[in-house]
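The values are calculated or read from the model by the stated rules, or taken from the named source; none is laboratory data. None of these values were measured; they are calculated from a predicted model. When we count neighbours, we look across all protein chains shown, and the Cβ atoms used for this are built from the backbone with ideal geometry, even at glycine.
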Amino acid sequence: MSHGHRHDHGHHHHHGSEDASSLPLALDTSIPDEELTPSQLSRRSMLRRTGLLGAGLAAGSVLGGAGEAAASTGQTPAAHGSRSGGYLWLAGDHHIHTQYSNDGKYRVVDQVRHGARYGMDWLVITDHGNATHSRIGVEKVNPDIIEARAAYEDTLVFQGLEWNIPGAEHGTVFVHPGKNEVSVLKQFETDYDGSVKDAGASTPANEALAIAGLNFLAEQIQRRKVKDALMLANHPARRGVDSPHEIRAWRDATDPKHRIAVGMEGAPGHQAAGIPAPLGMGRARGIYDNNPSANSFAGYPLESYRTWGGFDWMTSTVGGLWDSLLAEGKPWWITANSDSHQVYADTAVRGGPDSDYTANGKHTDPVYSGKIDLTQGDYWPGYYSRTHVGATSFSYKAVMEGIRAGRVWVDHGGLISGLGAQLRSGSRAVTLGGALHVRRGSNVDLVVEISLANGPNWAQFVPTLARVDVIQGDVTGPVSDKDAFTTPDTKVVKSFEVNKSTGTVRLTYSLGRVEKPVYVRLRGTDGNRTAVGPMGAAVDPAGPALDVVGDADPWKDLWFYSNPMWVLPA
């Protein structure tokens, strides 16, 4: 699947540069099909089939541009990759394991090859932090990442790691590529990883060590050791050990302009784990089948340890923990990813009997047995979960800036092909992650365009969007109780039934004359499984249902979620 030779049309991009004019050749519609390599043509065909090239909202229509630029309501949806008043919407995955993880098995190039095949524009390799990885693994994986960057030039490949957050769960940490990417990650892991430092218990000292780690990363940016660094909390409700006050402390630890901890997995990986036996593991989606432990936050209810429509309870509960964070008026974003370790229905087994992870910092290469394994719970990057980032260019810098800005929406199973959303007032508009500043009493509208699925997903069926919900909440300011995980003034304010299966859906919701700060976010469903939300029917009459442990086929319950936008009247 190597890209082979490349034609020079002035569109070459190099991972070390930040040329805003560069585009992957498969996305550049000015280049005819016959001038692409077979791999590039395959990718272009896939993007066309899923509505992400030359159709839908990949860059366009309601997305008027960065900041508060005016939007043209009559604009024709632009092709993927267009910069005419919009963003490049780049799909990616920030949580991927390889043979350099003690519980992984795939080569870096295996994960990148499959990610590219399934439409990923950017990937983060996040092998587990541990004593062996910090000692030799973080260095040994780097040449493999560099080789994958060269072999798959149309996919941005970040080096990161899965941080054992002191006193808490796991988190993705990754940096902008450069000469110091290894040394910065190595020092961070050596000095601040909860496994390396034996700092897993929920104690004030360990919580302080986590904050020190985030401050270390911020310092590396200030010292220009790396151009950027980000942290995202992984599977935050899985074991109940990410307390509300810890999440707030991570969010607030560093300067807002260079905030390191910017969000959490709204939906965990391991989504195939819920497929019932004998066709699957027969466990829980996300492997969310835990119970409280001594280190768990005592306030969390038992249902928080399960997924709801495949999403983490913190995200899926309208008026719950995520909303309590947003109601403070501060950014905290959601993502979705694969957490790919062991792929469902694959034939690979971890390296042979000579594999010695502790001695070598990696497992030997996987062996393909020819026997399909239905007892694994993961998918390849891009096969099921996608995180879409609005970027100003095809570059590492732009992807990281887009994530930090909250220009992010997520979907499962290719439920929709594109999402454009804006808050508008007069000639002013913002998109996902933005804050619209208006005069008190101004009329504000939410304008949404959704490109429906126009081809089969990777499970070979065309998903159908049944309903779109608008969720709105008041901004009530900083909480007095740092462990608050509900907010009383957030609810579903409008539901749109979708009565078409192809093309584009355009929705408008009027917020009316806005007198006080509010935020809005979006959610959509295939309508297969819904239930009254945990906060009651007046808050969420038809939200995601609690997933059944041992019987939760992820393809039969698909959702998308957007990050929020705020209106701040003055």
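Based on this model, can you work out whether Glu265 counts as touching a residue at least 40 places away in the same chain (Cβ under 8 Å), of a type in the set (Asp, Glu), over 22 Å from Ser338 (Cα atoms) and crowded, with 17+ Cβ neighbours inside 10 Å? Against the criterion (touching a residue at least 40 places away in the same chain (Cβ under 8 Å), of a type in the set (Asp, Glu), over 22 Å from Ser338 (Cα atoms) and crowded, with 17+ Cβ neighbours inside 10 Å), Glu265 does not qualify.
Considering (1) over 23 Å from the mean Cα position of the chain (by Cα); (2) more than 30 Å from Ala218 (Cβ to Cβ); (3) not charged (D, E, K, R), the lone condition that Leu415 does not fulfil carries the number (1). Can you pull out the residues in segment 294-336 that are farther than 28 Å from Gly477 by Cβ, in a loop (DSSP other than H, G, I, E, B) and hydroxyl-bearing (Ser, Thr, Tyr)? Scanning segment 294-336 gives Ser296, Thr307.
Scanning segment 131-154 for residues that are touching a residue at least 60 places away in the same chain (Cβ under 8 Å) and more than 20 Å from Phe188 (Cα to Cα) gives Arg149, Ala151, Tyr152, Glu153, Asp154. Exactly one residue out of Val399, Val470, Val430 is surrounded by 15 or more Cβ atoms within 10 Å (Cβ to Cβ), among the aliphatic types (A, V, I, L, M) and touching a Lys or Arg at 6+ places or on another chain (Cβ under 7 Å): that is Val470.
In segment 514-570, counting only strands (runs of 3 or more DSSP E) that sit wholly within it, the ones holding 2 or more residues that are over 21 Å from the mean Cα position of the chain (by Cα) and hydrophobic (A, V, I, L, M, F, W, C) span 565-569.
Look at (1) under 22 Å from Val514 (Cα atoms); (2) among the polar types (S, T, N, Q); (3) crowded, with 20+ Cβ neighbours inside 10 Å and you find that Ser451 fails only one, number (1).
Taking the criterion of being over 19 Å from the mean Cα position of the chain (by Cα), closer than 25 Å to Gly473 by Cα and part of a loop (DSSP other than H, G, I, E, B), would at least one residue in segment 337-359 satisfy it? Within segment 337-359 (the criterion being over 19 Å from the mean Cα position of the chain (by Cα), closer than 25 Å to Gly473 by Cα and part of a loop (DSSP other than H, G, I, E, B)), the answer is no, since none of the residues qualifies. The residue that is surrounded by the most Cβ atoms within 10 Å (Cβ to Cβ), among those in segment 153-176 that are among the acidic types (Asp, Glu) and closer than 20 Å to Ile247 by Cα, is Glu162.
Taking segment 531-561 as the search range and keeping residues that are out of contact with any Asp or Glu (no Cβ under 6 Å at 6 or more places or on another chain), in contact (Cβ under 8 Å) with a residue 40 or more places away in the chain and closer than 18 Å to Pro463 by Cα, which one is surrounded by the fewest Cβ atoms within 10 Å (Cβ to Cβ)? The residue in question is Asp553.
Listed by first and then second residue, the pairs linking a residue in segment 302-325 that is among the aromatic types (Phe, Trp, Tyr) to a residue that is surrounded by fewer than 24 Cβ atoms within 10 Å (Cβ to Cβ) and part of a strand (DSSP E or B), with Cβ atoms under 8 Å apart and 6 or more places separating them unless they lie on different chains, are Trp308/Leu546. Quick one: is Ser495 among the hydroxyl-bearing types (Ser, Thr, Tyr), within 22 Å of Thr317 (Cβ to Cβ) and in contact (Cβ under 8 Å) with a residue 24 or more places away in the chain? Spelling it out, Ser495 is indeed among the hydroxyl-bearing types (Ser, Thr, Tyr), within 22 Å of Thr317 (Cβ to Cβ) and in contact (Cβ under 8 Å) with a residue 24 or more places away in the chain.
Of all the criteria given as (1) at pLDDT 95 or above; (2) aromatic (Phe, Trp, Tyr); (3) in the same structural domain as Val175 (by TED's automatic domain parsing), the one not satisfied by Tyr368 is (1). Every test in (1) modelled with pLDDT under 95; (2) of a type in the set (S, T, N, Q); (3) part of a strand (DSSP E or B) is passed by Asn499 save one, and that test is (3). Looking across segment 269-318, just one residue is of a type in the set (A, V, I, L, M) and at positive phi, and that is Ile287.
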